[in-house]
Amino acid sequence: MEANTMGFLAAGIGAALTVIGAGLGIGKLAAAAMEASGRQPEAAGAIRTSMLIAAALIEGVTFFALVICLILALK
Amino acid sequence: MKDTLHVATQTAEHGESGSAIFGELLHHVQDSHEIEIPFGHIELPQFAPIHIGGMSIDLSITKHVVFVWLAAIIVSILAIVVSRRYRRQVIPTGFSNMIETMVVFVRDEVALANMGKGGERHLSYVLTVFFFILIMNLLGLLPYGASATGNISVTAGLAILSFVMIQYSAIRAQGLGHYLAHLTGGVHWALWPIMVPIEIIGLFTKNFALCMRLFANMTGGHIVILSFIGLIFLFKSYAVAPASVGFALGVYMLELFIAFLQAYIFTMLTSLFMGLGIQAGHPEHGEHDH
């Protein structure tokens, strides 16, 4: 396999692992938020805001990995 | 959505290889020296690179530069027009009402909640950053538009500006001596050569994360939308079109939400870091109730 092929393969595997990590992380976050909202419905607004903020931060980390995968795929 | 006729001819001429289509697709996301308008394009002026001490800086006006200026003009006009309406009627209606809702939201929930009492003098920066990033993100969703925030130089500039404002607010609140003392982290003086570089790097990583998060969110979203449309060209049949356009529409709506969310996140993190610096200077006693 030449270097280009390995680069594409690496980019694909990297993107898949990144998505697994992000999905697991945000899934746990959403589960905790749902449970907390169910326990105390009047705090649902504040919980939703905090959940969105944490989800955006986790996705920020995901996108670092995505950018690296893109660089791999494009070189 | 964009220059589909152009992409179609390119595909027909260069063959159906995936990398050719991907190259065309990237051309829409990256910066370029021409702006596309309906039925043609405008060539933008290119200047020769300026060489300063080994680096060459290219100051030509590119597509993203034009969109940054456009967003700046829109934000300025918005702010001036809406604030002038307050002279005629104190209670806003219609468009001013919407802008006031957003301004009050950013002021109360984001800026003052994070920065506390010492934050009023930094309100103008926080509000400007929010609306500027929001308008830049939204301009990328219009036909023939481009997100200037999809360019890492633009987000790096915003992150550098936030870095300067965060250090300025911290120094102003704490005084230069206390600010430098916080950099040592309160350890024994023998550990300072290890601690100070780590703390200085820590000052930069937060803003680097701000830059990368905004850049990658905007660019990634556009690449996904263009990839879905590019599937039509890859399969070279119209049968893919309904599913492809449907998916692209779904991601488009997500992009609209992400535009607002990323502007909010950038603003909130900037005011959070400013608040950490300000509160280290004025220790607060007691809790704040919202």
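Name the residues in the range A:24-67 that are within 23 Å of B:T205 (Cβ to Cβ) and among the β-branched types (V, I, T), would you?
Within the range A:24-67, A:I26, A:I53, A:I58, A:V61, A:T62, A:V67 meet the criteria.
Within the range B:228-252, track down each residue that is in contact (Cβ under 8 Å) with a residue 12 or more places away in the chain and within 22 Å of B:M136 (Cα to Cα).
B:A248, B:V251, B:Y252
Need at least 1 residues that are touching a residue at least 40 places away in the same chain (Cβ under 8 Å) per element, so show me which strands (runs of 3 or more DSSP E) inside the range B:19-82 make the cut, counting only ones lying wholly within it.
B:34-37
One line per residue, one yes/no per condition, for (1) modelled with pLDDT of 80 or more; (2) among the aromatic types (F, W, Y); (3) surrounded by 15 or more Cβ atoms within 10 Å (Cβ to Cβ):
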{"residue": "B:Q10", "(1), (2), (3)": "no, no, yes"}
{"residue": "B:G15", "(1), (2), (3)": "no, no, no"}
{"residue": "B:S19", "(1), (2), (3)": "no, no, no"}
{"residue": "B:T62", "(1), (2), (3)": "yes, no, yes"}
{"residue": "B:I73", "(1), (2), (3)": "yes, no, no"}
{"residue": "B:A79", "(1), (2), (3)": "yes, no, yes"}
{"residue": "B:V90", "(1), (2), (3)": "no, no, no"}
{"residue": "B:G94", "(1), (2), (3)": "yes, no, no"}
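So which residues in the range B:204-239 are more than 21 Å from B:L26 (Cα to Cα) and more than 10 Å from chain A (Cβ to nearest Cβ)?
B:F204, B:T205, B:K206, B:N207, B:S237, B:Y238, B:A239
If I ask for residues that are small (G, A, S), in a helix (DSSP H, G or I) and under 27 Å from B:F266 (Cα atoms), which ones from the range B:166-202 would you list?
Those that are small (G, A, S), in a helix (DSSP H, G or I) and under 27 Å from B:F266 (Cα atoms): B:S169, B:A170, B:A173, B:G202.
Is it true that some residue in the range B:277-290 is exposed (fewer than 15 other Cβ atoms within 10 Å of the Cβ), modelled with pLDDT under 90, within 14 Å of chain A (Cβ to nearest Cβ) and not in a helix (DSSP H, G or I)?
yes
Conditions (1) exposed (fewer than 13 other Cβ atoms within 10 Å of the Cβ); (2) more than 17 Å from the chain's Cα centre (by Cα); (3) over 29 Å from B:V106 (Cα atoms), marked per residue:
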residue	(1), (2), (3)
A:V19	no, no, yes
A:E35	yes, yes, no
A:G45	yes, yes, no
A:V61	no, no, no
A:L66	no, no, yes
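The values are calculated or read from the model by the stated rules, or taken from the named source; none is laboratory data. Just so we're clear, the structure is a prediction, and the values are computed from it rather than from any experiment. Note: ideal-geometry Cβ built from the backbone for every residue, glycine included; neighbour counts use all protein chains shown.
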